[in-house]
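Read through the structure below, which is laid out as structure tokens, and then see the notes.
None of the figures in this text is laboratory data; all of them are computed from the coordinates on show. Because the structure is a prediction, the values reported are computed rather than measured. Counting neighbours? That spans all protein chains shown, and the Cβs are built from the backbone with ideal geometry, glycine included.
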Amino acid sequence: MLSDNDLLAALDGEADASVLAHLEACPCCAARAALLMRFERRLRGCLTRVLCPPTLTLIDYSLRLLDPSQQTSVAAHLHSCRACADELAQIVAERTPKYRVVQAP
């Protein structure tokens, strides 16, 4: 039977060939790996944006209302977090007027 560390290494793509071969041959360990994978997915879903700035902070950032150190911190976060960058784009889009200029005849 594989250890939990072996199963986690397999899920992370870091297991050696013997662990992968064992997983293919052992239904018990394959079931444990599947259970760990489902747990990890659920956990990621719960922890999404735990370390991210709140929406109100992103709004303040877009309006340049934060102090310079906060502005810099949020900017750095936006470079590494696709979810926050997408949310910021949505915030900015909602603030942008949705009309077009028509020239008079």
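Rg over Rh for segment 55-95 works out to 0.94, using Cα positions for both radii and the Kirkwood form for Rh.
Ranked by how many other Cβ atoms sit within 10 Å of their own Cβ, fewest first, the residues V19, V50 fall in the order V50, V19. Applying the Kirkwood pairwise sum to the alpha-carbon positions of segment 4-47 produces a hydrodynamic radius of 10.7 angstrom. All Cα-Cα distances of the chain, cut into 10 Å bins from zero to the largest, leave 12, 27, 16, 18, 16, 7, 2, 1, 0 percent in each bin in turn. Sum up the charges of everything whose Cβ sits under 15 Å from the Cβ of T55, counting Lys and Arg as +1 and Asp and Glu as -1, but leave T55 out. Summing Lys and Arg as +1 and Asp and Glu as -1 gives -2. Listed by Cβ neighbour count within 10 Å, with the fewest neighbours leading, T57, T96, T72 appear as T96, T72, T57.
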